[in-house]
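The values are calculated or read from the model by the stated rules, or taken from the named source; none is laboratory data. Just so it is clear, the structure is predicted and the values come from calculations on it, not from any experiment. When we count neighbours, we look across all protein chains shown, and the Cβ atoms used for this are built from the backbone with ideal geometry, even at glycine. Side chains are part of the model used for accessible areas, which takes the heavy atoms of the whole protein and leaves out ligands, DNA and RNA. Shrake-Rupley method; radii C 1.70, N 1.55, O 1.52, S 1.80 Å.
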Amino acid sequence: MKFFSFWRSLASFRVRIALNLKNVPAEVIFVDIDANAHREADYRKVNPQMALPALVEDDGTTLFQSLAILEYLDEKYPSPPLLPTDPNGRARVRALALMVACEGHPLLTPRVRRYLDHELNLRDTQQAAWRRHWIVETLAALEGHLADNKDTGKFCHGDRPTLADICMVGHVTVALTHQVNLSTYPNVKRVFETAMALPEFARAHPLQQADTPEAMRPKA
């Protein structure tokens, strides 16, 4: 199995967590988005969308889009499960995951940032305001769904990590890089800290990857 990844990619972050939780080995192939490697012919053959991540099985089957990959891994390697067993729980977990992956995250991706910069000529301060607005809006929505909900446990849903936590930690990681104060979102903060205390989550963090620039790595 080959896993095409980039250290800063939040979608790759999600798949790294799932591979760790499932204990599934994969050969990691780094695709440097900053160097436009995702637009080169070799990677375009893997994923014509030129987006990360991609997962290629031994038989050549190529999977793309992080949530589709997560559900594929959950079906192929069912233990530990990333979705609850009951329909209501599965719907809630998927909805929480989609809030991040399909509404919040797309507005923060490099291709959107490039468009704001190169096509709309927005100043750095305007771009920072754009990112902060969508980061905070998604955090507020997550907090609203987690607070006072009987299904919220140690994690977003119950007492074991699910797709919702896998997606949420990436969004919170971005919020922290933008110095967003999480005290306004106590349930989000608590679940994030609980998840990131797990080695499977911690090892997947963007700053812990082999292709993370040395200057970005945490100081010992």
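Shape class for segment 1-67, computed from the alpha carbon gyration tensor (a ≥ b ≥ c): oblate, with a/c not under 1.5 and a/b at or below b/c. DSSP loop GluC sites (Glu not before Pro) in segment 1-65 with at most 14 other Cβ atoms within 10 Å of their Cβ, which ones? In loop regions of segment 1-65 (DSSP not H, G, I, E or B), the sparsely surrounded GluC sites (Glu not before Pro) are Glu40, Glu57. Amide H to amide H, with H built 1.01 Å from N, Thr152 comes under 5 Å of Gly158, counting only residues 5 or more places away or on other chains. Distance from the Cα centre of segment 13-59 to that of segment 197-220, in angstrom? Taking the Cα centre of each part, segment 13-59 and segment 197-220 sit 18 Å apart.
If you bin all the Cα-Cα distances of segment 48-137 at 10 Å, starting from zero, the percentages per bin are 13, 34, 29, 18, 6. Per-residue SASA remark: Trp130, around 80 Å² accessible (1.4 Å probe; ligands, DNA and RNA not included). Packing around the peptides 189-197, 73-81, taken as the average count of other Cβ atoms within 10 Å per residue, puts them in this order, highest first: 189-197, 73-81.
In this simple spin-label approximation, Ala140 and Thr85 carry label points 7 Å from Cα along the Cα→Cβ vector, and these lie 3.9 nm apart.
For the chain, please report how many Lys pairs fall under 24 Å Cα to Cα, leaving out neighbours fewer than 8 apart on the same chain.
The result is 8.
When each of the peptides 16-25, 177-186 is scored by the mean number of other C-beta atoms lying within 10 Å of its residues, the order from highest to lowest reads 16-25, 177-186. Scaled against 2.2 N^0.38 Å for its residue count N, the alpha carbon radius of gyration of segment 77-130 is 1.73. Estimated from helices alone, the mean residue ellipticity of the chain at 222 nm is -14000 deg cm²/dmol (sum of -39500 (n - 2.57) over DSSP H runs with n ≥ 4, per residue). Packing-based ranking of 85-94, 208-217, 62-71 yields 62-71, 85-94, 208-217, ordered from highest to lowest mean Cβ neighbour count within 10 Å.
Under 1.5 on a/c is rounded, so check that first for segment 108-220, then, if it is not, pick prolate when a/b is larger than b/c and oblate when it is not; a ≥ b ≥ c are the square roots of the alpha carbon gyration tensor eigenvalues. It comes out oblate by the Cα gyration axes. Accessible surface for the chain, divided over its residues, is 52 Å² per residue with a 1.4 Å probe. For the chain, the Kirkwood radius over C-alpha pairs fed into Stokes-Einstein at 10 °C and 1.306 mPa s yields D = 88 µm² per second. Atom-type composition of the exposed protein surface of the chain places 54 percent of the accessible area on carbon and sulfur (1.4 angstrom probe).
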